[in-house]
Amino acid sequence: MLYLSTRGHPERRRFSDILLEGLAPDGGLYLPERYPRLEAADLARLRRTYHEQGYAELAFEILRLYIDDIPADDLRALLRRTYTAEVFGTGEIVPLRHLENGLWLEALSNGPTLAFKDMAMQLLGQLFEYELARRGETLNILGATSGDTGSAAEYAMRGKRGIRVFMLSPYGRMSPFQQAQMYSLQDPNIHNLAIEGVFDDCQDIVKAVSADLEFKRRHRIGTVNSINWARLLAQVVYYFAGWIQATGRDDERVSFTVPSGNFGNVCAGHIARMMGLPIGRLVVATNENDVLDEFFRTGVYRVRGSADTYETSSPSMDISKASNFERFVFDLLGRDAEATRRLFAEELARHGRFDLSAHPAFPRAREVFGFASGRSTHAHRLATIRDVWQRHAMLIDPHTADGVKVAREHLQPGVPMIVLETALPAKFAATIVEATGREPDRPAHLVGIESLPKRVRVMPADAAQVKAYIAEVCAAG
Ligand SMILES: *Cc1c(COP(=O)(O)O)cnc(C)c1O
């Protein structure tokens, strides 16, 4: 399998080449040249694999369709090390829970940092360590986080050979629980830099450091952001596992509702559907930051400035620009790379928006690709959390609540609707208390983490000082 750029760069790359990279050289995103197509017999085989051999083996059967430059035995071993009951809390890894008529929750948040990002990031940790060892190289991962991504990356990379993580976070601006989760890590290869500023300052520093190509090359700086193809691929697997658990026959369809920000999670659903998984609808649920809902309703994709990006109580969906969206638009336009390049590199760059409302392909988003969308607000979130608690004695986190709110508006008789649970309520306790008057339970091993010793360096918002710190750590070996 070879990978191409959504903007038409002529070069084709192997999986292990794009694994350690971000954007394609022309600024596009990597996608496989084609989606492997599964027939009914393949789906039946995958169902048996999951039931008889478990999630890791299901993941192997799917990933090997996309990865042919890692020996099969090595890939299988990596996946078996990744998807274990010890790391994800249950042998099923992503158990399905019934909520109410036709509506299911798929648990994706029982990994080390209590959010679905662990599903992909844990695998990325294994893949990076493997590939770097194979090449005899090392990598310094530099990132900025406002919460979920940074902690997932740190827990995935801690103790991994050949990898250091330098994670910038806004000093004092994450919840005490999130700070404790990251800053309590004592692994020598994890470096928490708390920046005296806001998240945008952290991101600006990462950009400034990455723009210094000489520094970037000399210190082998890399990233683990949401456009990474391997992260997307890891997420494809749980759409299959959800379908298998919600259905008994191979011709039965399910729909998914996905709490969305960067379009990463739901993009994996799109890929699963393109492979032939019987998915009816893919419902994109946004919060007040409704860039994606606006597109699927109107055909207008309008990026917001930071002043128009709201801080909400589902903060992991507070985005102004959906970084994986270009992948879907490429498919929507019949894989026309030149048209995709014009939209993203020209129209969007120049006007901050593009308009496909009159484009003949736009109706295909719904009719051919199955997309639908909806939006949820703080009031909806609170009402949904309270309602699910009162009626089902189940606590759901604010992002999942956005999903449940929108899913209830898109139910179709006879088609199970699966909402992806993207975080555990313990991670967002303040909103849970506001909705229900009750503190969410925490997994036992996380009780009291706020009082653990912290390992963090506080620094002014200054790229030069961050660079000096990285150089010093690298020089120390
Ligand atoms: C990252 C995240 C999302 C959004 O996922 P995308 O892939 O960016 O669309 C939703 N909920 C939670 C809890 C997250 O951490």
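The values are calculated or read from the model by the stated rules, or taken from the named source; none is laboratory data. Just so you know, these numbers come straight off a predicted model, no measurement behind them. All Cβ positions, even for glycine, are placed from backbone atoms using ideal geometry, and neighbour counts span all protein chains on display. Note: accessible area is taken over every heavy atom of the protein model, side chains too, but ligands, DNA and RNA are not part of it. Shrake-Rupley method; radii C 1.70, N 1.55, O 1.52, S 1.80 Å.
Tell me whether segment 319-373 comes out rounded, prolate or oblate; compute the Cα gyration tensor, take square roots of the eigenvalues as a ≥ b ≥ c, and use a/c under 1.5 as the rounded threshold. Prolate shape, in that a/c is at least 1.5 and a/b is the bigger ratio. Taking other residues whose beta carbon is less than 12 angstrom from the beta carbon of I195, and scoring Lys, Arg as +1 and Asp, Glu as -1, yields -3.
Of interest is the spacing of the C-alpha centroids, which for segment 416-438 and segment 28-58 amounts to 30 Å.
Could you tally the net charge around K117, taking each other residue with its Cβ under 9 Å from the Cβ of K117, Lys/Arg +1 and Asp/Glu -1?
Working: positive: R231; negative: D118, D148.
Residues close to K117 contribute a combined charge of -1.
Classification of segment 114-248 by its C-alpha gyration tensor yields an oblate form. The axis ratio a/c (a ≥ b ≥ c) is 1.5 or more, and b/c is at least a/b. For the set K207, K467, the ranking by accessible area, highest first and with no ligand, DNA or RNA atoms included, is K207, K467 under a 1.4 Å probe. Summed over the residues of the chain and divided among them, the accessible surface reaches 38 Å² per residue at a probe radius of 1.4 Å. Computed over protein heavy atoms with a 1.4 Å probe, the carbon and sulfur contribution to the accessible area of the chain reaches 49%.
Stretch R350-E252 to full length: gain in nm at 0.36 nm per residue minus the Cα-Cα span?
Working: separation 98, 0.36 × 98 = 35.28 nm, distance 4.48 nm.
In short, 30.8 nm is gained.
Please give the length that would be gained between Q412 and R135 if that part of the chain were fully extended, namely 0.36 nm times their separation in residues minus their C-alpha to C-alpha distance (nm, one decimal). It would help to have the intermediate numbers written out before the result.
On the way: separation 277, 0.36 × 277 = 99.72 nm, distance 5.01 nm.
Extending this stretch completely gives an extra 94.7 nm.
Let me know the volume per residue of the alpha-carbon convex hull for the chain, in Å³. Present the calculation step by step, with values, prior to reporting the outcome.
Numbers: hull volume 66.6 nm³, N = 477.
So the per-residue hull volume is 140 Å³.
Taking each of K207/K405; K321/K454; K216/K427; K405/K454; K160/K405; K160/K216 in turn, the alpha-carbon distance tops 30 angstrom for K207/K405; K321/K454; K216/K427; K405/K454; K160/K405.
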